Amino acid sequence: MIAPNGLSGRAAIAGIGATEFSKESGRSELQLSVEAVQHALADCGLTVDDVDGLTTFTMDTSSEIAVARELGMKEMRFFSRINYGGGAACATVQQAAMAIATGVADVVVCYRGFNERSESRFGQFSVAAATQVNTNGLDNAWSYPMGLGTPAATVAMQATRYMHEYGATSEDFGRVAVADRRHAATNPNAFFYGRPITLEDHQSSRMIVDPLHLLDCCQESDGAVALVVVSAERAADLKQPPAYITAAAQGSGADQFVMTSYYRSDIGIPEMGVVGRELWRQSGLGPADMRMGILYDHFTPYVLMQLEELGFCGRGEAPGFVADGRIEVDGAFPLNTHGGQLGEAYIHGMNGIAEGVRQIRGTSVNPVAGVDHLVVTAGTGVPTSGLVLSA
Amino acid sequence: MTAGVIRPMMGRDSQFFWDGTAAGELRIQQCNACGALRFPPGPTCVECGKFDRGHVVAAGTGTVFSYVVHRYPPVPGKELPIVIALVDLDEGVRMVGEVVDAVSDSGDAEIEIGMRLRVDYRRIDDDLTLPIWRLDTPRTSATRRPKETR
């Protein structure tokens, strides 16, 4: 771990827990979240009585007080939610770390649970997003009524431009899918366990929104993940090796919208650049210090663009960066060794944080040797967040 | 057919735009104080900070900055596939718009970045008229010749 400085190194992820990942959980979203929290507490040897804080996504349908009731928590000193869809994932951990670093709370559990396949499917056209009575609804008035209203379509618009600007191809996007599915193939918890794909499979999968093929798109999944965050000192005394939170950042860019930041001259995802610069500032580390990454992969093009925004390669250079298996488990810079959200499950980025913790512990099904530090990111195309986790 | 059409949220800061499309005008917010244009609109001028806003009527011409062909899943009120583009208006702002008649019978996109577009209007009902876009140079079978009109 790095010597504590500001937020860096003050807190650690001590426990991780999850339900099974499926297409139909058969139980309520609230129950899924409560189960995941219980698993995460058992993982690190803490009990409900130790927990004094809960954080989740604004989008989560299970409030902190509802989860607290089901868990039997007597009191709660800290509760918080983060907005902007999957961009919240790493920020729930940032909230927890800040609460712990300031003494506001001692044990904070971050959770996210949903029936995102069997109930409210995010991949469908969202009438609710277009009609919400707030500024996000007003923002969506400029795209949804025109027919642009699925996550795939909003990302495809960025992908077309990225291909035009830098000569990237669909095959370049496909290499992300191939890596994810290779990793999922050896992960028994992954929906696509035992089912790797080739680049030819990717290319022959049907078009969803040109230029995105089906295999550029993540799954829709039912499930929940929870993460237990405690102080670095306390983590050292618990059951599992700590994953120290060396940096935790949020980022929003100029003229920022939710999935439709189309009105700035260079569209792209500069909000992830904000996250990256803050991660490197807090940690005193840089891209060269990261052994691997868990980059949010709801759609493959944004994985390439994240590599550029975080400084792993220059603008437009990601197609070369991901070539020749570099991002596969035996490559120089493995990504998404759990299978990512294309291969394992789409739990809004929280399952990726859990995989980061497993890599620090050395318990991943696709272990990478010598992981001292790794980077994890949250949802792209939205105001977002990221973490540097360290052994 | 109006069933299933996605209706835009409208508010004090955006009503003028939709009043414009109903009148056959594509309106862009303009700051009365400094003249800056802004899209999407909002209460403030992001250039000078004033709350004194009016609008100009756009020429209704622009260039494709990016586009998609939406094939799946279903979109309420639309028969798929549809082409949706980011249109750089000649006035200097950018909008999202459906480009009609830009998919061939075989389902291929007949649009490219840099092509010229011209606005048109699709009246849904008394409360909603959507701006739509057409290729400025009509296609002649397989030949696409974007015309530079500026």
Which of the following residues is assigned to a strand (DSSP E or B), more than 14 Å from every other protein chain (Cβ to nearest Cβ) and either modelled with pLDDT of 95 or more or touching a Phe, Trp or Tyr at 6+ places or on another chain (Cβ under 7 Å) (or both): A:V209, A:V225, A:V176? A:V225
Please state which one of A:M272, A:M259 is buried (at least 22 other Cβ atoms within 10 Å of the Cβ), in a loop (DSSP other than H, G, I, E, B) and touching a helix residue (DSSP H, G or I) at 6+ places or on another chain (Cβ under 7 Å). A:M259
Kindly state which helices (runs of 4 or more DSSP H) lie completely within segment A:290-391 and contain at least 1 residues that are surrounded by fewer than 24 Cβ atoms within 10 Å (Cβ to Cβ). A:300-309, A:318-321, A:350-361
Does A:E75 satisfy the criteria of being within 24 Å of A:I353 (Cα to Cα) and surrounded by fewer than 24 Cβ atoms within 10 Å (Cβ to Cβ)? no
Are there any pairs with C-beta distances below 7 angstrom linking a residue in segment A:127-152 that is more than 7 Å from chain B (Cβ to nearest Cβ) and surrounded by fewer than 24 Cβ atoms within 10 Å (Cβ to Cβ) to a residue that is part of a helix (DSSP H, G or I) and of a type outside the set (S, T, Y), with the two at least 6 apart or on different chains, and if so which? A:A129/A:N140
Which residue out of B:G77, B:G60 is facing chain A (nearest Cβ under 10 Å) and either of a type outside the set (S, T, N, Q) or in contact (Cβ under 8 Å) with a residue 40 or more places away in the chain (or both)? B:G77
Only unsatisfied item for A:D237, checking (1) touching a residue at least 40 places away in the same chain (Cβ under 8 Å); (2) part of a loop (DSSP other than H, G, I, E, B), is (1)
Could you look through segment B:25-56, keep only residues that are touching a strand residue (DSSP E or B) at 6+ places or on another chain (Cβ under 8 Å) and surrounded by fewer than 14 Cβ atoms within 10 Å (Cβ to Cβ), and pick out the one that is nearest to the other protein chains (Cβ to nearest Cβ)? B:V46
Within segment A:238-272, tally of residues that are away from chain B (no Cβ under 14 Å) and touching a strand residue (DSSP E or B) at 6+ places or on another chain (Cβ under 7 Å): 14
Quick check on segment B:81-104. Is at least one of its residues free of Cβ contacts under 8 Å to residues at least 40 places away in the same chain, in contact with an Asp or Glu (Cβ under 9 Å, 6 or more places away or on another chain) and within 7 Å of chain A (Cβ to nearest Cβ)? yes
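The values are calculated or read from the model by the stated rules, or taken from the named source; none is laboratory data. Values in this document were obtained by computation on a predicted structure and should not be read as measured data. Using ideal geometry, Cβ is built from the backbone for each residue, glycine included, and neighbour counts are taken over all protein chains shown.
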